[in-house]
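Undergrad: Here it is, the structure, as structure tokens.
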Protein chains: 2
Amino acid sequence: MSVQRLGTSDPAPSSTLLHKRDLHSSVSDPVLDSMTFLNEITHRYPGAISFAPGRPYDGFFDTEQVFTWLRGYLDHLAAAGRTPDEVRTAVFQYGATAGQIRPVVADSLLADEGIDVPAESVVITVGAQEAMLLTLRALFGGPDDVLLVPDPCYSGITGAARLLDLTLATVAEADDGFDCAALEAVILREKAASRRPRACYVIPDHSNPSGNTMGMASRLELLELAERHDILLLEDSPYRWVSPGPPLPTLKSLDRSHRVVHIGSYAKTLFPGARVGFVVADQPVTDDRGRTSLLADEITRIKGMVTVNTPSLSQAVVAGALLATGGRLSAHNTRPAARYGAAMRATLHALDANLPPRERAELGVGWNRPDGGFFLTVRVPFRADTASLAHCAEEYGVIWTPMSFFHPGGGGHHALRLSTSFLTDAEIEEGVSRLTRFIRARSDTTRSPEEQHV
Amino acid sequence: MSVQRLGTSDPAPSSTLLHKRDLHSSVSDPVLDSMTFLNEITHRYPGAISFAPGRPYDGFFDTEQVFTWLRGYLDHLAAAGRTPDEVRTAVFQYGATAGQIRPVVADSLLADEGIDVPAESVVITVGAQEAMLLTLRALFGGPDDVLLVPDPCYSGITGAARLLDLTLATVAEADDGFDCAALEAVILREKAASRRPRACYVIPDHSNPSGNTMGMASRLELLELAERHDILLLEDSPYRWVSPGPPLPTLKSLDRSHRVVHIGSYAKTLFPGARVGFVVADQPVTDDRGRTSLLADEITRIKGMVTVNTPSLSQAVVAGALLATGGRLSAHNTRPAARYGAAMRATLHALDANLPPRERAELGVGWNRPDGGFFLTVRVPFRADTASLAHCAEEYGVIWTPMSFFHPGGGGHHALRLSTSFLTDAEIEEGVSRLTRFIRARSDTTRSPEEQHV
């Protein structure tokens, strides 16, 4: 490259200062370009109805709640005997790397989920994303270690794995959810290739992207499988309490032998902008000198090199909210959960009404039927790629996410993800109507004449 | 390992579930054990005066400021034309990955530092620590890439490098600060070994741990060196505005050719508990298809896999504080800077008084003379290790940090770091008196009889 000496007049920056190929490969992940494209499409067609963003509905948020929750936590500290100076330190200063609201979160997990773990096994993180990165970094030590992920899979975990140059193995998800037999086959294949399947990532409830929920039998089978093959389960749980009716037990609450690392988030329920998540890692770790620690302690060490500690301010507001309901996150989510259930029902109703069973079968279109959560999957007979998305946004005024974005090993070209969480009923009705017109037109043009008359 | 089937009664957790040697090597970094030991010592001797924690003094913090700053930012958004719903979204929802207060930070950098960069080159991070991790991850793509660090060096950057399995090369710091000749020698050595020195990390102002400040001539020489050898400079700037009198120009403000990635933090000045930092990365990046981006864009991609976005709440409070002083961080720090200057002077005065020049020379003790900041270094004639620290805490009631904690390649066994930022003048006077007694006693016992009579 050209050399420019300091002090020369107006040395224009060399446009070749850095080459992308010299940067870490994770910045060149094609999924990132896809996401950028999706954002551009959303920006370019502001009038389009978007089933893309996996955001919580914000009609139930209230700006003044932030002040109330923060004040509530400060009052809680004062009532617990902290002096004004100590209260100030708790909110203003650096805090413990593992977090200062661990007891509040542990109490909440017991109250809501029946997860009974010591506060010392909890690490408070900057959202579930940091929890994933820290857990992966702690657990993956050797070049033969493999992370098992469902296919399709949330891009946050595959992104964190790429950032750390980890090896992935994908486990095809069945139409009705997680497939334990497929997982076991992959484990055996990996072991036969002298690799070490170390952990399997799952979202048992209202999974992102599929919207599927793992049944009780599969949960028990998965735990047994993890035990038998000596792997850990990374249970990500952002979509609990976003559906009417009680959820199934978490894997962690069923875990009798420390097989489950449980990752949680308050970003989909309480307060996205606080970016507070956590990881429960009560696994014992032994070193060569016979000393023991918890996996949470090792994760904390990693956190010290990533964010030092989760903002005290965010922790304070989240703790204030939890304390206001006796630790019950569920109590905050009665109205939102009903809303998400209603939105999903409205979406399914509109799909049913617009694409009756006979036409659906003729076209080769189908979808799953979640009872809540944020997402559902629609199978289509044409290639649901970015070109197709751009056409749909421009001509039909509706946006969705190509399911191929969520297949780290390729695939998913004939499905799209609809997010229903952020839309009103009127938007859902109109959006599904537009989407149906697009699907119908696109299916007609992609099928051969013979197919069209079957 | 033993296999436990689900459903057997009370299966006690296997204590060998995880072995530390199977975890990532970064959790076994001996520096982490050293830091744990330091924390234990601090906990075990609560009556000891501690020169260890590199924390800002909190006597100037006021809990109610949090509410005022947050309200100030919300009012600012409303005055800028945002509707109440938009204001709510700005604080409650997920925000842009690169941050929502980038323009406020860019304005502040111009007002305080004369750093004139577009807001698009700024990424808001969870403290400077995340900025370091993201920048390293973006920049280090190949196995031959080498990160240059001063020796001694802040443990946050070496920890982040270990987490990413990067190769380090250390550059010995001279007694009076950064040594450009030593840096050039290391660069040439690394290049000769077919490695690629990619970037050099520096804290030009009141460095952690040494307390040294890089002179103006060294700053210019360093920029020239970076240009000539095609490396980037990672300028970490947490200790600006913590000293009376105007600081020297940042490397970034002197940078004419995008050689400097500037990392900043509000954790030492405005609000540690908000955990808001930032990175300025205006370097152009070109890909194989000729498309250009800024390094900030690539860092943002990495951030999406680490924390998704910096908490909106933390950003709002920090922006509220900056807006209250027309963007001037310096204006918030007039009183703290005077306090840090006075604390450093008090420390130096007490050292001078307790260890007059003649005795100092006899013992082989010395220290540098920062004009502010948080740290100074004391050279001692004995091994200042953890055993020595434990003895000092127990027998003399004073705590410090062994400088060896900050030497990634080993060394630093005869120096200790004193942090003066967190102590009152009375604590400093008493603490230095105790420390002097320890140094004197320890120096006497470690010198041979001949030496003692020289």
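Every read-out reported here was derived from the displayed coordinates using simple, explicitly stated rules and does not represent laboratory data. Worth saying up front: this structure is predicted, and the values here are computed from it rather than measured. Cβ coordinates were reconstructed from backbone atoms using ideal geometry, including for glycine residues, and neighbour counts include every protein chain displayed.
Undergrad: Under 5 Å between amide H atoms, partner at least 5 residues away or on a different chain: which partners does B:Gln283 have, H built in plane at 1.01 Å?
TA: When sequence neighbours closer than 5 places are left aside, the close amide H contacts are B:Leu295, B:Ala296.
Undergrad: Still on this structure, please answer the following. Can you say what percent of the DSSP beta bridges in region A:64-325, counting only those with both residues inside, are antiparallel? Round to 5.
TA: 40
Undergrad: Just to confirm a number: summing +1 for Lys and Arg and -1 for Asp and Glu over residues other than B:Thr170 whose beta-carbon lies under 12 angstrom from that of B:Thr170, what do you get? Working shown, then result.
TA: Values: positive: B:Arg189; negative: B:Asp151, B:Glu173, B:Asp179, B:Glu190.
Surrounding charge for B:Thr170 is -3.
Undergrad: Return the sequence-ordered ³J(HN,Hα) values of region B:305-311 in whole Hz as given by the Karplus equation 6.51 cos²θ - 1.76 cosθ + 1.60 applied to θ = phi - 60°, using x for Gly and Pro.
TA: 9, 10, 10, 6, 7, 6, x
Undergrad: Each residue of region B:400-406 in order: what ³J(HN,Hα) in whole Hz does its phi give by Karplus 6.51 cos²θ - 1.76 cosθ + 1.60, θ = phi - 60°, with x for Gly and Pro?
TA: 8, 10, x, 5, 4, 4, 9
Undergrad: Relative contact order for region A:64-325: what is it in percent, counting Cα pairs under 8 Å that are at least 6 residues apart? Intermediate values should be presented prior to the final figure.
TA: On the way: 442 pairs, mean separation 76.2, N = 262.
Over region A:64-325, the number comes to 29 percent.
Undergrad: Please give the Cα centre distance for region B:356-380 versus region B:336-352, rounded to the nearest Å.
TA: Cα centres, region B:356-380 to region B:336-352: 13 Å.
Undergrad: Neighbour counts of other C-beta atoms within 10 Å: give me A:Ser207, A:Ser218, A:Ser419 arranged from fewest to most.
TA: In order of increasing Cβ crowding within 10 Å: A:Ser218, A:Ser419, A:Ser207.
Undergrad: Taking Cα centroids, how far is region B:153-227 from region B:32-66 in Å?
TA: 28
Undergrad: Nearest 20 debye, what's the magnitude of the dipole of region A:184-237 about its Cα centre given +1 on Lys and Arg Cβ and -1 on Asp and Glu Cβ?
TA: On the way: 7 positive and 9 negative charges, 66 e Å.
Taking the Cα centre of region A:184-237 as origin, the dipole is about 320 debye.
Undergrad: Using a 7 Å offset from Cα along the direction of the beta-carbon, what are the separations from A:Asp175 to the same position in each other copy, nm, ascending?
TA: 8.0
Undergrad: Between A:Thr125 and residues 5 or more places away or on another chain, which pairs have amide H atoms under 5 Å apart, with H built 1.01 Å from N, and which residues are they?
TA: Amide H neighbours of A:Thr125, under 5 Å, 5+ apart: A:Gly277, A:Phe278, A:Val279.
Undergrad: To continue, here is another question. Treat every Asp and Glu Cβ in region A:64-325 as -1 and every Lys and Arg Cβ as +1, leave all other atoms uncharged, and give the resulting dipole magnitude about the Cα centre to the nearest 20 debye.
TA: Dipole magnitude for region A:64-325 comes out near 600 debye.
Undergrad: Between B:Val171 and residues 5 or more places away or on another chain, which pairs have amide H atoms under 5 Å apart, with H built 1.01 Å from N, and which residues are they?
TA: The answer is B:Val149, B:Asp151.
Undergrad: While we're here: How would you rank A:Tyr201, A:Tyr57, going from fewest to most other Cβ atoms within 10 Å of each one's own Cβ?
TA: By the 10 Å Cβ count, ascending, the order reads A:Tyr57, A:Tyr201.
Undergrad: Which distances, in nm and shortest first, link the A:Glu224 label point to the same label point in every other copy, taking 7 Å along Cα→Cβ?
TA: List, nearest first: 7.5 nm.
Undergrad: Cross-link partners among lysines for B:Lys20, C-alpha distance below 30 Å, same-chain residues fewer than 8 apart left out?
TA: Candidates past the 8-residue exclusion: A:Lys191, A:Lys252, A:Lys303, B:Lys303.
Undergrad: Could you please rank A:His349, A:His258, placing first whichever residue has the fewest other Cβ atoms within 10 Å of its Cβ?
TA: So the ranking, lowest neighbour count to highest, is A:His349, A:His258.
Undergrad: How many nanometers, to one decimal and shortest first, lie between the label point of B:Ala361 and those of its other copies, if labels sit 7 Å from Cα toward Cβ?
TA: 10.3
Undergrad: Which percent, nearest 5, of DSSP beta bridges in chain B are antiparallel?
TA: Approximately 50 percent, going by the DSSP bridge assignments.
Undergrad: Could you state the angle between the C-alpha long axis of helix A:180-192 and the longest principal axis of the C-alpha atoms of chain A, as a value from 0 to 90 degrees rounded to the nearest 10?
TA: Roughly 70 degrees, rounded to the nearest 10.
Undergrad: For the protein assembly as shown, what does the convex hull of the Cα positions come to per residue, in cubic angstrom?
TA: With only Cα atoms used, the protein assembly as shown gives 178 Å³ per residue.
Undergrad: Angle check, please: helix A:334-354 long axis (alpha carbons) against the longest principal axis of chain A (alpha carbons), in degrees 0 to 90, nearest 10.
TA: 10
Undergrad: On to the next question. Let me check against my output: what whole-number percent is the relative contact order of chain B, with C-alpha pairs under 8 Å and at least 6 apart?
TA: The normalised contact order for chain B reaches 22 percent.
Undergrad: Using only Cα atoms, find the angle between the long axis of helix B:102-113 and the longest principal axis of chain B, and express it within 0 to 90 degrees, rounded to the nearest 10.
TA: So the helix axis and the longest Cα principal axis differ by about 50 degrees.
Undergrad: Take every DSSP beta bridge with both residues inside region B:127-265 and express the antiparallel ones as a percent of the total, to the nearest 5. Present the calculation step by step, with values, prior to reporting the outcome.
TA: On the way: 1 of 19 bridges.
Among the beta bridges of region B:127-265, antiparallel pairing accounts for roughly 5 percent.
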